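> For reference, the structure I am asking about is given below.
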Amino acid sequence: MLTYLLNIAFAIVATVLYIQAPWTYSYDYCVTLMACFIAQNVLFFATNKRKNWLGFEFFFALSFFLVNFVYPVFYAPTERIYWSFFSFSFNDNYVTRATALAYFGYAWYMLGATRLLQLNREEPDKPTFTISMRQYLWFFGITMVAWALFVVTGGLAALQSVYAEGANLRDVGIYSYFNNIFTIGCYLMAIFLFRLPKQKWWFYLAVIAAFMLILLSTGSRQLAVSLALILIVGFSMYVYRFRWWQVLTLVAGGSIALFLVMTLRTEGLDPGAWQAKLAHLKLEEFWDIYEDLIVNDVNLFRLFGWAQENDLTWFQGMTLDIASPIPGLGGYIIAHSDVPPQMLHGGDLPSYLFLGPDAEWGTGTNMVGEAYRSFGAVGTAIAMFLIGLWVKESFYRAKDSVYWYLMSFLLVGHALIYPRAPLLFDPRLVTWSLLLLAIVMTITTHQTQIVNWIESIGKKKEVQS
């Protein structure tokens, strides 16, 4: 109850801070916003009665801080273009008010995330459902087959060429479908790994780790990072509960590792090129390690400015996201719609505004900026509140439902990238993951019934003889 009351107070404060935010840059105001964000999170984790605090909320808060508060406080006053991303055109006068919008959205997300913390609602312990070895072998088999087909159809070579040779990440082929299935298979393996007997973990953990290393060697980080988060949280929930200093050590080590991957991924698998690159590598600022997250703040400023000059887009910017679970539907909509593609897909508008229509790479986006350009300030509060409700509801329902369990851990896997992603959580990933899980559960249930039927027939014959 205390956590809930505190977050009501912070939501009110954040609303007032946004309404009163100046339309010109104010260092003191940005510091105040950052201080409120830090205070709210410290109190949230200090007063939260959950035994295991390591989960979506922790990693999401860490990423949200880097994406939305570091640049306005530490760089905007003195080094506006410290990173090249901030050389893109945006109105400096919007920085403070857009940052206030970010905290406003976050405070309402936190209110949603604590709305269901009722006194009579106990923290979930171990799930009541079981995952059999037969079911897990299906996950393993699907993953291995999809990976083999992905490699054979040229997917791995195409992925390697994205960073080593500057190929377009958006190029698609038949390997794209195998990649989607492989990705979902990896998620299923990681999410349900710790539901197996302990003696079965190590082989499958080694398989997942091998895939993560292969992907990292190509320069691709998203799936590897998501799997790492899922494994860390799962391990903390069911095997060993991490302490604060251990989590901070993991965060620091992981941050450095990902920074090195970001630095070296354009060099392919050439050890000589790696050595030369590292020899000239200089970290001028502590925040350089987190550059890949921090630079997404420019998308918030640009989307905020765009929204001042244009009408709200409502759900139009989510059209292709909503259509994404059905193969080919997005392409059909683009071909038969008069609306520009960048207005139909969450995350494409900032890239279009900064780089034009034919860019071979993208700038990413900002979830609060996407909410604001779609629904305005009130809609941003509602959208972020609903996301908080969704996060908390999936956590509590995960105990009794294998599907909510899957959803809860999919959110954990995307906690770090969500602040820099479209507002609508990947509908294709969610839909296909739930569908594939349902298919496996149905098949294995019938398999069990058939085996039991055959065994019962055998026993009857033995009795008769």
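> If Phe211 passes every condition in (1) in contact (Cβ under 8 Å) with a residue 12 or more places away in the chain; (2) within 25 Å of Ser401 (Cβ to Cβ); (3) not small (Gly, Ala, Ser) but one, which one does it miss?
Exception for Phe211: condition (2).
> Filter segment 360-374 for residues that are open to solvent by 10 Å² or more (accessible area, probe 1.4 Å) and in contact with a helix residue (DSSP H, G or I) (Cβ under 6 Å, 6 or more places away or on another chain); which is nearest to Tyr418 (Cα to Cα)?
Filtering first and then ranking leaves Gly364.
> Next question. Give me a count of the residues in segment 394-407 that are of a type outside the set (A, V, I, L, M), open to solvent by less than 40 Å² (accessible area, probe 1.4 Å) and farther than 12 Å from Leu188 by Cα.
4
> Would you mention how many residues in segment 282-314 are open to solvent by 10 Å² or more (accessible area, probe 1.4 Å), assigned to a helix (DSSP H, G or I) and hydrophobic (A, V, I, L, M, F, W, C)?
Of the residues in that region, 7 qualify.
> Would you mention how many residues in segment 46-58 are open to solvent by 40 Å² or more (accessible area, probe 1.4 Å) and hydrophobic (A, V, I, L, M, F, W, C)? Give the derivation first.
Filtering segment 46-58 for residues open to solvent by 40 Å² or more (accessible area, probe 1.4 Å) gives 46, 49, 51, 53.
From the residues that got through so far, the ones that are hydrophobic (A, V, I, L, M, F, W, C) too are 46, 53.
So the answer is 2.
> Looking only at segment 14-28, count every residue that is open to solvent by 40 Å² or more (accessible area, probe 1.4 Å) and within 18 Å of Asp92 (Cα to Cα) and tell me the total.
So the count comes out to 6.
> Select from segment 29-45 the residues that are modelled with pLDDT of 90 or more and open to solvent by 30 Å² or more (accessible area, probe 1.4 Å) and list them in ascending order.
Across segment 29-45, the qualifying residues are Tyr29, Val31, Thr32, Ala35, Ile38, Ala39, Val42, Leu43.
> Can you tell me which residue among Gln199, Gln246 is open to solvent by less than 50 Å² (accessible area, probe 1.4 Å) and either out of contact with any Gly (no Cβ under 9 Å at 6 or more places or on another chain) or over 25 Å from Val402 (Cβ atoms) (or both)? Lay out the reasoning, then the answer.
Values: Gln199 fails: open to solvent by less than 50 Å² (accessible area, probe 1.4 Å).
Only one candidate qualifies: Gln246.
> Further question: In contact with a Phe, Trp or Tyr (Cβ under 7 Å, 6 or more places away or on another chain) and either open to solvent by 10 Å² or more (accessible area, probe 1.4 Å) or among the aliphatic types (A, V, I, L, M) (or both), is that true of Ile417? Talk me through it step by step, then tell me what you get.
Values: in contact with a Phe, Trp or Tyr (Cβ under 7 Å, 6 or more places away or on another chain): no; either open to solvent by 10 Å² or more (accessible area, probe 1.4 Å) or among the aliphatic types (A, V, I, L, M) (or both): yes.
No.
> Within segment 5-13, is there a residue that is within 25 Å of Asp292 (Cβ to Cβ), touching a residue at least 24 places away in the same chain (Cβ under 8 Å) and open to solvent by 50 Å² or more (accessible area, probe 1.4 Å)?
Of all residues in segment 5-13, those within 25 Å of Asp292 (Cβ to Cβ) come to none.
Looking for residues that are within 25 Å of Asp292 (Cβ to Cβ), touching a residue at least 24 places away in the same chain (Cβ under 8 Å) and open to solvent by 50 Å² or more (accessible area, probe 1.4 Å), one finds none in segment 5-13, hence no.
Matching residues to (1) touching a Lys or Arg at 6+ places or on another chain (Cβ under 9 Å); (2) at pLDDT 90 or above; (3) surrounded by 15 or more Cβ atoms within 10 Å (Cβ to Cβ):
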| residue | (1), (2), (3) |
| --- | --- |
| Asn120 | no, no, no |
| Thr130 | yes, no, no |
| Phe140 | no, yes, yes |
| Ala146 | no, yes, yes |
| Ser161 | no, no, yes |
| Glu165 | no, no, no |
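> Can you name the residue in segment 315-335 that is outside any helix (DSSP H, G or I) and at pLDDT below 90 and is also least open to solvent (accessible area, probe 1.4 Å) among such residues?
Step one: of segment 315-335, the residues outside any helix (DSSP H, G or I) are 324-328.
Now drop any that are not at pLDDT below 90, which leaves 327-328.
On the way: Pro327: 81, Gly328: 55 Å².
By that ranking, first place goes to Gly328.
> Still on this structure, please answer the following. Which fully enclosed helices (runs of 4 or more DSSP H) of segment 7-86 have 1 or more residues being farther than 16 Å from Ala102 by Cβ and of a type in the set (Ser, Thr, Tyr)?
27-47
> A further question follows. So if I check each of Leu111, Leu66, which one is hydrophobic (A, V, I, L, M, F, W, C), open to solvent by less than 30 Å² (accessible area, probe 1.4 Å), modelled with pLDDT under 95 and under 26 Å from Phe304 (Cβ atoms)?
Leu111
> Need the failing condition index for Asp400 against (1) in a helix (DSSP H, G or I); (2) farther than 21 Å from Asp297 by Cα, just the number.
(1)
The values are calculated or read from the model by the stated rules, or taken from the named source; none is laboratory data. In this text, all values refer to a predicted model and were calculated from it rather than measured experimentally. Note that we place each Cβ from the backbone using ideal geometry, even for glycine, and neighbour counts take in every protein chain shown. Note: areas computed on protein heavy atoms with side chains; ligands, DNA, RNA excluded. Shrake-Rupley method; radii C 1.70, N 1.55, O 1.52, S 1.80 Å.
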